[in-house]
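Notes to accompany the following structure.
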Amino acid sequence: MHFKLIIAFVEDDKTDLVLETSREYGATGSTVINNARGEGLEASKTFFGLTLESQRDVLLFLVEEHLSRTILEAISKVAEFDSKPGTGIAFQIDVEDAIGVMHQVEKLTPIVEEKL
């Protein structure tokens, strides 16, 4: 079984919605890193040195490769990445190898076989 790593930078008020959606579409778990910040096309606005933008969370999902695109599209839709600028981004990268995921492989095998 091959995996992809989906990395999503989302507004902190949408984290729970993105996590729920990812599970609905096949993600079996996630890691959340709180209080990240970044800058997009436009520089962040500040007021006396304080950033006016909301905090971001970084969400990491190790998902089976056949489910990855569906999960990526679903979280993009609920987080409104393409409809509102500055709401966040998500992307996936190939994972060469992973350990500690045998319990996920057992659960995912029938789901992936059904899709194929």
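The values are calculated or read from the model by the stated rules, or taken from the named source; none is laboratory data. Because the structure is predicted, anything quoted here is derived from the model rather than measured. As a convention, Cβ positions derive from the backbone with ideal geometry for all residues, glycine included, and neighbour counts pool all protein chains shown.
Points to keep in mind about this one:
- Where a residue in segment 61-76 is touching a residue at least 40 places away in the same chain (Cβ under 8 Å) and its partner, wherever it lies, is of a type outside the set (Val, Ile, Thr) and part of a helix (DSSP H, G or I), with Cβ under 7 Å and at least six apart: Phe61/Ser22; Glu64/Leu108; His66/Lys115; Ile71/Ser22; Ile75/Ser22
- Filter pass, Ala98 being at pLDDT 95 or above and not charged (D, E, K, R): no
- Among (1) surrounded by fewer than 14 Cβ atoms within 10 Å (Cβ to Cβ); (2) among the charged types (D, E, K, R); (3) at pLDDT 85 or above; (4) not in a loop (DSSP other than H, G, I, E, B) - the single one Glu106 does not satisfy: (3)
- Applying the condition of being modelled with pLDDT of 95 or more and in contact with a strand residue (DSSP E or B) (Cβ under 6 Å, 6 or more places away or on another chain) to segment 77-90 and asking which residue is surrounded by the most Cβ atoms within 10 Å (Cβ to Cβ) yields Ala79.
- Any hit, segment 45-68, residues being modelled with pLDDT under 90 and among the β-branched types (Val, Ile, Thr): yes
- Tally of residues being without any contact (Cβ under 8 Å) to a residue 40 or more places away in the chain and not in a loop (DSSP other than H, G, I, E, B) across segment 78-103: 2
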